[in-house]
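**Student:** One structure, pasted below without further comment.
The values are calculated or read from the model by the stated rules, or taken from the named source; none is laboratory data. Values in this document were obtained by computation on a predicted structure and should not be read as measured data. Every residue, glycine as well, gets a Cβ built from its backbone with ideal geometry; the counts of neighbours run over all protein chains shown. Calculation scope for accessible area: heavy atoms of the full protein, side chains included, ligands and nucleic acids excluded. Shrake-Rupley method; radii C 1.70, N 1.55, O 1.52, S 1.80 Å.
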Amino acid sequence: MYTNMKHMVAKASSEGYALLAINCMNLESARAAVRIAEKYRAPIILNLYQGHLGHFPPAMAAAVVKTLAEEAAVPVTLSLDHGKDPRYLRQAFRAGFSGLMIDASAFPLAENIRQTLEVVELAASAAVCVEGELGHLGNAPWYDPSRNVDLMTQPEDVAPFIAQTGIDLLAVSVGTAHGIYAPGVTPVIDFDRLAQLQHESSVPLALHGGSGTPFDQLRRCPSLGVAKINVGAAIFEAGKAALLHTLCHDSSIELADALSVMERACEEAIVPYLEASGAINKA
């Protein structure tokens, strides 16, 4: 069932688990997430990154996800991930996305507030969930723990940001990064900072950069206010690796069959993250 994201976030926050938000960019990646959610009786968010809209435009993505959701017996919703361009944010809103993430975190606080407030005002008429971001996530391939501290969310910014924007969900930077980490590199979540942010925040928190984060760390996050955990790169890498392996070993395989192999690999990669989120049997 296609479900209001605000309601899903509120339920996760009150019951102490995190919604898994899986990035998708086509039918196969979206269907993989929904199938696993159904198998484990878990609510699920499908994220569509702004950079993938050229391949999977908002209206097309909404149609695909809503069709999958109508056939599913668990709550499914669709959210724009890291929306930075007002044009794409409006397109996603008009297409029926239930969540809009406005990422103006690269700007000074006042400008971040201004841009975020514009999206909140747009979303209000349709009860769309708005996620804002404070702090900035680095890139996992060049992850540097010492430099990453400078990018983290500052606790003193949290209360004024929420008060002046009216967001429903706050994305924070506490030690994770986007993408796939170099071999031997493991991110470390700053749980002291996360606890401070939870104390300062009147809304649930979102953790981005879940890919490659140790599962024991992810399991701790819901107890510290995190109601949404984003995972994208790890799922895409699993699907890509399976597709490459299949094509290299059987060049005569039908494309549809090769894509099915990719889809199953994506499904398998989602499972441990879903277990860490605490969302299993919460549908």
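**Student:** Filtering the stretch 249-278 down to residues that are in a helix (DSSP H, G or I) and more than 30 Å from residue 17 (Cβ to Cβ), which residue is most open to solvent (accessible area, probe 1.4 Å)? It would help to see each step written out before you state the result.
**Tutor:** Within the stretch 249-278, the first condition is being in a helix (DSSP H, G or I), and the residues that meet it are 249, 255-277.
Among the residues that remain, those that are also more than 30 Å from residue 17 (Cβ to Cβ) are: 249, 255-261.
Numbers: 249: 137, 255: 118, 256: 68, 257: 81, 258: 0, 259: 45, 260: 46, 261: 37 Å².
Once the filter is applied, the top-ranked residue is 249.
**Student:** Say we look at the stretch 150-159 and pick out the residues that are in a helix (DSSP H, G or I) and touching a residue at least 40 places away in the same chain (Cβ under 8 Å); which of these is most open to solvent (accessible area, probe 1.4 Å)? Talk me through it step by step, then tell me what you get.
**Tutor:** Looking only at the stretch 150-159, we keep the residues that are in a helix (DSSP H, G or I), and these are 150-151, 155-159.
Those still in the list that are touching a residue at least 40 places away in the same chain (Cβ under 8 Å) too: 155-159.
Working: 155: 20, 156: 123, 157: 45, 158: 0, 159: 45 Å².
Ranking the candidates gives 156 first.
**Student:** Got at least one residue in the stretch 275-283 being within 22 Å of residue 217 (Cα to Cα) and either modelled with pLDDT under 95 or in contact with a Gly (Cβ under 8 Å, 6 or more places away or on another chain) (or both)?
**Tutor:** Yes, that holds for at least one residue.
**Student:** Which pairs do you get when a residue that is of a type in the set (Ser, Thr, Tyr), found in the stretch 249-264, comes within reach of a residue that is modelled with pLDDT of 95 or more, reach meaning Cβ atoms under 9 angstrom, with the pair 6+ apart or on two chains?
**Tutor:** 260/28
**Student:** Please specify each residue of the stretch 1-22 satisfying the condition of being polar (S, T, N, Q) and not in a helix (DSSP H, G or I).
**Tutor:** At the first step, the residues of the stretch 1-22 found to be polar (S, T, N, Q) are 3-4, 13-14.
Matches in the stretch 1-22: 3, 4.
**Student:** A follow-up question, please. Yes or no: residue 133 modelled with pLDDT of 95 or more, open to solvent by less than 50 Å² (accessible area, probe 1.4 Å) and charged (D, E, K, R)?
**Tutor:** Yes: the conditions hold for residue 133.
**Student:** Does residue 167 satisfy the condition of being in a loop (DSSP other than H, G, I, E, B), touching a helix residue (DSSP H, G or I) at 6+ places or on another chain (Cβ under 8 Å) and β-branched (Val, Ile, Thr)?
**Tutor:** yes
**Student:** Can you name every residue in the stretch 1-45 that is of a type in the set (D, E, K, R) and closer than 21 Å to residue 202 by Cβ?
**Tutor:** The answer is 6, 11, 15.
**Student:** The conditions are (1) surrounded by fewer than 24 Cβ atoms within 10 Å (Cβ to Cβ); (2) over 14 Å from residue 174 (Cα atoms), and residue 231 fails exactly one of them. Which is it?
**Tutor:** With respect to (1) surrounded by fewer than 24 Cβ atoms within 10 Å (Cβ to Cβ); (2) over 14 Å from residue 174 (Cα atoms), residue 231 is out only on (1).
**Student:** Whether any residue in the stretch 207-221 is open to solvent by 50 Å² or more (accessible area, probe 1.4 Å), closer than 28 Å to residue 113 by Cα and not charged (D, E, K, R) is what I want to check.
**Tutor:** Initial filter on the stretch 207-221 (open to solvent by 50 Å² or more (accessible area, probe 1.4 Å)): 215-216, 219-220.
Now restrict to residues that are closer than 28 Å to residue 113 by Cα: none.
Looking through the stretch 207-221, none of the residues is open to solvent by 50 Å² or more (accessible area, probe 1.4 Å), closer than 28 Å to residue 113 by Cα and not charged (D, E, K, R).
**Student:** Do we have residue 117 as in contact with an Asp or Glu (Cβ under 9 Å, 6 or more places away or on another chain) and aliphatic (A, V, I, L, M) here?
**Tutor:** No, not satisfied.
**Student:** Continuing with the same structure: Does residue 168 qualify as being farther than 24 Å from residue 235 by Cα, of a type in the set (Asp, Glu), within 16 Å of the chain's Cα centre (by Cα) and modelled with pLDDT of 95 or more?
**Tutor:** Answer is yes for this residue.
**Student:** Hey, another quick one. Quick test for you: out of 239, 278, 210, 232, pick the one residue that is in contact (Cβ under 8 Å) with a residue 40 or more places away in the chain and on the phi > 0 side of the Ramachandran plot.
**Tutor:** Working: 239 fails: on the phi > 0 side of the Ramachandran plot; 210 fails: on the phi > 0 side of the Ramachandran plot; 232 fails: on the phi > 0 side of the Ramachandran plot.
Answer to the selection: 278.
**Student:** For residue 125, only one of the following conditions fails: (1) in contact (Cβ under 8 Å) with a residue 60 or more places away in the chain; (2) more than 21 Å from the chain's Cα centre (by Cα). What is its number?
**Tutor:** (1)
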